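The values are calculated or read from the model by the stated rules, or taken from the named source; none is laboratory data. Predicted, not measured: the structure shown is a model, and the values here were computed from it. As a convention, Cβ positions derive from the backbone with ideal geometry for all residues, glycine included, and neighbour counts pool all protein chains shown. For accessibility, only protein heavy atoms count, side chains too; no ligands or nucleic acids. Shrake-Rupley method; radii C 1.70, N 1.55, O 1.52, S 1.80 Å.
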Amino acid sequence: MMSANHLEIENSHLIIGGVDTVILAERFGTPLYVTNEARIRANYQRFQDAFPNADIYYAAKANYNLTVLRILAEEGAGADVFSGGELYCALKAGIPSDKILFNGNSKTDAELELAIENDIRVSVDSLDELRALSEIAHTHDHQAKVAFRVNPDVSPSTHPKIATGLRESKFGIPSQDVIAAYKEALSLENIKPVGIHCHIGSQILDVAPFVEATKKMMDLVEEVTRLGIQLEFIDLGGGLGISYENEAAPSPKDLANAILPVFAERIKALEIQPKLILEPGRYIMADTTILLAKVNTVKHAYRNFVGVDAGLNLLVRPVMYDAYHGIVVANKAGEKSSVVYTIVGPICEAGDVLARDRFLPKIEKGDLIAILDVGAYGFSMSSQYNGRPRCAELLVCEGKVDVIRKRESYDDLLASQILPSRFR
Ligand code: LLP
């Protein structure tokens with residue numbers, strides 16, 4: 001059940017990074033996100049080891065906490081950023097500007113300007129964007145380095161909301177239009193095409209779609225090279241899935257074994273030496289983090305409901321993608337499972353169900369529930385819905401504990417609101 005092998009059980013308590021979760025909950029309150037630094041570093045290194053010659057651009061959207069980004073910067077990661085805000089955070093965390101790619105299907109002029117001011121390469125998603133970028137680069141007397149985001153029309157078997165490389169997806173430029181885009185880029189003085197980019201989806205548990213995308217991308221690389229463009233990088237995106245529910249998941253090494261031969265053979269034939277870039281998010285972060293929630297109430301209705309103090313406000317994945325997250329009763333972790341429970345949050349939505357029909361030890365009010373594998377797209381997708389301040393985030397490492405985000409207060413709910421004077 002525990003996909004993250006950095007979790008242990010001692011005296012029936014769940015331990016993460018050498019720290020007892022029951023003590024963390026007592027000391028810092030709940031709900032509480034807890035991230036294990038050692039696991040971030042180990043995941044990153046495993047990925048980098050599988051692709052020793054590639055640059056790893058961590059997908060900041062998965063978790064853009066400053067400390068997380070800082071740890072990855074120390075490991076040598078670059079970043080895939082999808083907004084001005086993520087770009088700002090990545091730079092603040094010390095990720096070098098020449099290892100950042102600015103992605104996005106609907107960027108504002110202000111965001112493009114921010115990219116140009118910081119000399120950040122842009123993955124351009126449309127001809128409209130190319131023209132806007134060219135004008136902005138011109139006014140800044142700058143040459144913008146660009147890639148095009150290709151929609152390769154590859155269908156990975158994943159949840160439809162996170163399949164991004166399908167023909168009908170909003171992302172990227174259709175393969176058949178990409179060469180025309182490079183031609184136009186060549187005609188623009190303030191634009192320099194230096195890369196090509198795709199991303200086919202997320203939580204992909206089969207390497208075949210990655211191979212298909214690589215082949216399609218390398219076909220385009222051949223055509224782009226024939227235009228006389230020397231591609232500095234080929235970015236094949238992120239998307240490697242993890243095992244949330246004991247599913248078989250390919251490792252980074254499996255992915256490397258599947259796509260590197262195709263990549264190597266094709267660049268050799270073309271006599272070019274572009275850098276391979278990959279953009280993992282989930283693989284680096286998902287299993288590093290647990291969400292601790294306190295049981296407010298247990299009731300038997302048509303099901304056995306356990307009401308906890310975290311809901312879709314802090315973890316939207318179960319509701320949004322029917323995602324499975326492992327559950328451990330953190331203060332009874334060694335005890336025998338005996339009852340089937342459905343774990344629900346406190347939010348006023350019937351869909352606010354974190355885990356359905358799980359066989360667990362007998363649960364009572366006051367028990368501590370740990371929701372596993374929430375380091376990617378957990379806190380980063382949180383909200384204040386229902387007037388619930390966001391929770392704190394901790395970093396643990398070999399017994400040490402740091403608060404990396406403080407718990408919001410009720411005042412924080414109002415912090416950026418303004419009551420016009422006529423209402424005062
Ligand atoms: N690169 C680009 C351009 C992306 O759009 C994404 C994710 C990634 C890289 C990283 O993909 P990963 O390695 O994490 O699969 N909120 C959803 C996932 C949305 C993914 C969006 N794009 C979830 O919770 O499952």
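Once phi is turned into ³J(HN,Hα) by the Karplus curve 6.51 cos²θ - 1.76 cosθ + 1.60 with θ = phi - 60°, what whole-Hz value does each residue of the range 25-31 show in order, with x for glycine and proline?
Once rounded to whole Hz, the list reads 5, 5, 6, 10, x, 10, x.
Restricting things to alpha carbons, tell me how big the range 120-212 is in terms of Rg and Dmax, in Å.
Just the Cα atoms of the range 120-212 yield Rg and Dmax of 14.7, 45 Å.
Computed FRET efficiency, Cβ-Cβ of Asp357 and Ser12, R0 30 Å: what is it to the nearest 0.05?
It comes out at approximately 0.80.
Ranked highest first by the average count of other Cβ atoms within 10 Å around their residues, in what order do 297-305, 263-271, 96-104 fall?
Answer by packing, highest mean first, reads 96-104, 263-271, 297-305.
Identify all lysines with a Cα-Cα distance to Lys406 below 30 Å; exclude those on the same chain that are fewer than 8 residues away in sequence.
Once the sequence-local lysines are set aside, what remains near Lys406 is Lys61, Lys92, Lys99, Lys294, Lys332, Lys365.
Could you compute the net charge surrounding Glu86? Neighbours are other residues with a C-beta less than 13 Å from the C-beta of Glu86; K and R count +1, D and E count -1.
Once positives and negatives cancel, what remains is 0.
Taking only C-alpha pairs under 8 Å that are 6+ residues apart, what is the relative contact order of the chain in percent?
The normalised contact order for the chain reaches 20 percent.
Take the range 218-276, compute every pairwise Cα distance, and split them into 5 Å bins from 0; I just need the percent in each bin.
Bin by bin from 0 Å, the calculated values are 4, 15, 25, 19, 13, 10, 7, 5, 2, 0.
Evaluate the relative contact order of the range 213-370 (contact order divided by residue number), counting alpha-carbon pairs under 8 angstrom at least 6 apart; express in whole percent.
Taking the mean separation of contacting Cα pairs over the length of the range 213-370, I get 22 percent.
Using only Cα atoms and rounding to the nearest 10 degrees, what angle (0 to 90) does helix 208-226 make with the longest principal axis of the chain?
20
Choose one of Gly85, Val374, Leu270: the residue whose Cα lies farthest towards the positive end of the charge dipole of the chain (beta-carbon charges +1 Lys, Arg; -1 Asp, Glu; about the Cα centre).
Farthest towards the positive end: Val374.
Of all accessible surface on the range 94-233 at a 1.4 Å probe, what whole percent is carbon and sulfur?
46
If you build the Cα gyration tensor of the chain and take the root of 5 times each eigenvalue, what three semi-axes come out, in whole angstrom, biggest first?
41, 25, 19
Restricted to Cα positions, what overall size does the range 302-424 have along the principal axes? Three whole-Å values, descending.
So the extents along the principal axes, rounded to whole Å, are 60, 42, 28.
Under a 1.4 Å probe, what is the accessible area of the chain per residue, stated in Å²?
Using a 1.4 Å probe on heavy atoms only, each residue of the chain averages 44 Å².
Of the listed peptides 309-318, 73-82, what is their order by residue-averaged count of other C-beta atoms within 10 Å, with the highest listed first?
Per-residue Cβ counts within 10 Å, averaged per peptide and sorted highest first, yield 309-318, 73-82.
Roughly how many percent of the accessible protein surface of the range 255-401 is carbon and sulfur, given a 1.4 Å probe and a whole-percent answer?
51
What number comes out for the charge environment of Pro361, summing +1 per Lys or Arg and -1 per Asp or Glu over other residues with Cβ under 14 Å away?
That works out to +1.
Taking Cα pairs under 8 Å and at least six residues apart, what relative contact order does the range 1-131 come out at, in percent?
15
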